[in-house]
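The values are calculated or read from the model by the stated rules, or taken from the named source; none is laboratory data. These numbers come from a predicted model, not from an experiment. FYI the Cβ positions are ideal-geometry reconstructions off the backbone, even for glycines, and counts take in every protein chain you see. Accessible surface is based on the protein model in full, side chains and every heavy atom, while ligands, DNA and RNA are left aside. Shrake-Rupley method; radii C 1.70, N 1.55, O 1.52, S 1.80 Å.
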Amino acid sequence: MSMTDRINKELRTFAIDPTSNGFGFVVIEGNDQLIEWGVAKVWSSGNEALVARVETFVDRYRPNLIVLEDVNETRRGKRARNRIVALARYALSKGFAIRMVSRRQVRETFRDYGLTKFEIAMAITNIFPELAPRMPRYRKPWMSEDPRMNIFDAVSFALACLS
Amino acid sequence: MSHTPLTNYLRTHRRRTGLSQSDVAALLGARSGALVSRHETGERRPVLRTAIAYEIVLGISIRRIYAGIHSKLATNVRVRATRMLVRLEERPRTALRDQKMASIRRILEADM
């Protein structure tokens with residue numbers, strides 16, 4: 001067993017992908033044990049409500065690593081970036097280890113499976129079959145993104161960080 | 001910060017099966033999913049009969065479902081076993097004492 005394996009086995013990772021009205025999230029133990037996943041709705045537009053909701057998950061799962069998207073390398077809007085920054089500040093204020101993962105790192109991690117979010121999500125369902133029922137159908141150009149895709153985005157951030 | 005198992009992994013294993021809290025409650029013979037929810041959040045601990053029923057419904061051992069409780073109990077039992085071993089070592093050697101010591105060593109050496 002390598003040092004990385006030993007370190008990762010002791011990790012409980014909480015990956016969060018904020019959206020306009022909540023966040024997709026996953027909790028992974030070690031490298032490959034999916035503990036919890038889902039989309040949490042936060043109807044208030046303020047960051048305080050978002051942070052409070054995240055805090056309930058942190059209290060329940062006691063992660064030792066929080067993974068977020070890297071705001072410096074994202075094409076996401078101002079509101080989403082603000083939410084990511086608010087979560088990063090919260091995590092740092094509570095003394096959690098935090099890792100910011102860029103889309104580029106995610107594509108690099110999943111380069112053997114494809115480049116699109118859909119292809120990456122398909123690869124993730126092979127790694128975690130329990131997520132297969134949550135897999136959104138293929139998105140046509142006129143369709144908005146399914147909120148469940150945020151679960152797969154959160155998984156991709158976590159796996160890019162842990163790999 | 002070291003990793004300690006969660007008190008229980010009921011929710012994780014239930015969701016892996018695709019069963020809802022109401023489905024599991026129905027299989028347990030409970031009236032609603034509220035009881036399952038309380039067990040999942042740790043608000044309540046199931047009685048032994050229900051815990052065994054969870055093992056049957058989810059196909060996962062109680063040890064894995066309640067990994068956190070198992071881990072704490074294992075630590076506590078090992079501490080007591082160590083004390084007991086020290087006490088036994090001070091006693092005169094008999095066949096029964098050796099048998100007991102072997103049993104306690106098995107507890108201490110077991111992969112928990």
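Values computed for the structure shown
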read-out	value
Size of electric dipole in segment A:120-163: Cβ of Lys, Arg +1 and of Asp, Glu -1, about Cα centre, debye, nearest 20	180
Solvent-accessible area per residue for chain B (1.4 angstrom probe, square angstrom)	67
DSSP beta bridge pairing in the protein assembly as shown, given as percent antiparallel to the nearest 5	65
Span-rule helices in chain A, defined as complete DSSP H runs reaching 18 Å or more along the axis (Cα) with Kyte mean at least -0.5	A:47-61, A:78-93, A:149-162
Ratio of the Cα radius of gyration of segment B:10-65 to 2.2 N^0.38 Å, where N counts its residues	0.96
A:Asp112 - accessible surface, heavy atoms, 1.4 Å probe, Å² rounded to 10	130
Cα shape, chain B, gyration tensor, a/c 1.5 rule	prolate
Order of exposure, largest accessible area first, which applies to A:Glu29, A:Glu69 with probe 1.4 Å	A:Glu29, A:Glu69
Spread of Cα-to-Cα distances over 5 Å intervals beginning at zero, given as percent, for segment A:30-163	2, 9, 18, 23, 23, 16, 8, 1, 0
Counting DSSP beta bridges with both ends in segment A:20-127, the antiparallel % (nearest 5)	60
Surface accessible to a 1.4 Å probe, A:Glu119 within the full protein complex, Å²	80
Long-range HN-HN contacts of A:Gly22 with modeled amide H, under 5 Å	A:Val42
A:Phe118 accessible area, assembled protein chains, probe 1.4 Å, Å²	50
The protein assembly as shown: Lys pairs at Cα distance under 24 angstrom, eight or more positions apart or on different chains	8
Listed residues B:Ala51, A:Ala40, B:Thr17: farthest to the positive end of the dipole of the protein assembly as shown (Cβ charges)	B:Ala51
Protein-only accessible surface order, largest first, of A:Lys94, A:Lys117 at 1.4 Å	A:Lys94, A:Lys117
Order of exposure, largest accessible area first, which applies to A:Val71, B:Val86 with probe 1.4 Å	B:Val86, A:Val71
Dipole in debye (nearest 20) - the protein assembly as shown, about Cα centre, beta carbon charges: Lys, Arg +1; Asp, Glu -1	600
